[in-house]
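Each value in this text was obtained by applying a stated rule to the coordinates, not by laboratory testing. Being a predicted model, the structure only gives us computed values, none of them experimental. Quick reminder, even Gly has a Cβ in these numbers, built from the backbone with ideal geometry, and neighbours come from all protein chains shown.
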Amino acid sequence: MLKENIKSLRKSKGLSQEELAIKLNVVRQTISKWEQGLSVPDAEMLIKLSEVLDTTVSTLLGEKISESKVDDLKAISEKLEVINLQLSQRKNERRKIIHWLLISLCVIIVGIFIVLNLLNSPYLNWDYNDPEKAVLGVAIHSFEWAFIRIAPIIFIGLVIGIFLTRKKNI
């Protein structure tokens, strides 16, 4: 068991026999003999070995440690699949929110157009000798003038955005 555990832990740390030997201040052949079961490290060397391999002495002497690369890859694959699913769900939620926000903005623009059309610019008939009415009339006229010129461009952009964010049936 010791020989398999040394070899398994060494490989899991990505160390060659030579690299492990350098860390333990022994020759490579010593590591090879331990892994072949031809010799065993003494108590002091077991402690150094456990420190270098970042494990306990009891683990080194204990049960066989299996290399679970396949299980690790499967676990990582499953985690990545879950993450991809979560990212996809978030993307769909964001798309829906943006889609409905664009629709709402279109409705607001249409609503303002209707209100402005129904009001038929009443401020044009106001007495502008009163300074408060003059300021309010100019403000409303400025808003109406800017809105009538800018809103159609924004509306077209919103409609394009609605079509781009709609759910695609593939």
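Just a few scattered comments:
- Dipole orientation for segment 69-165: of the candidates 99, 125, 82, 82 has the Cα lying most toward the positive pole (charges on Cβ; Lys, Arg +1; Asp, Glu -1).
- In the chain, the longest principal axis of the Cα atoms and the axis of helix 43-52 are about 20 degrees apart.
- Fully extended contour minus Cα-Cα distance, from residue 88 to residue 103, at 0.36 nm per residue: 3.1 nm
- Mean separation of Cα contacts under 8 Å (6+ apart) over length of the chain, as relative contact order %: 21 percent
- Qualifying chymotrypsin sites (Phe, Trp or Tyr not before Pro) for segment 98-170 [loop in DSSP, other Cβ within 10 Å: at most 14]: 126, 128
- Where trypsin sites (Lys or Arg not before Pro) fall in DSSP loop in segment 1-52, at most 12 other Cβ within 10 Å: none
- Too-long pairs where the Cα-Cα distance tops 28 Å, listed order kept, from 3/23; 13/33; 3/79; 13/91; 13/79; 13/74: 3/79; 13/91
- Spatial offset of segment 1-60 relative to segment 93-140 amounts to 79 Å, using the alpha carbon center of each.
- Global form of segment 2-61, assessed from the alpha-carbon gyration tensor, a/c cut-off 1.5: rounded
- Dividing the summed -39500 (n - 2.57) terms of all DSSP H runs of n ≥ 4 by the residue count of the chain sets its mean residue ellipticity at 222 nm at -26000 deg cm²/dmol.
- Normalised by residue count, segment 27-159 yields a Cα convex hull volume of 268 Å³ per residue.
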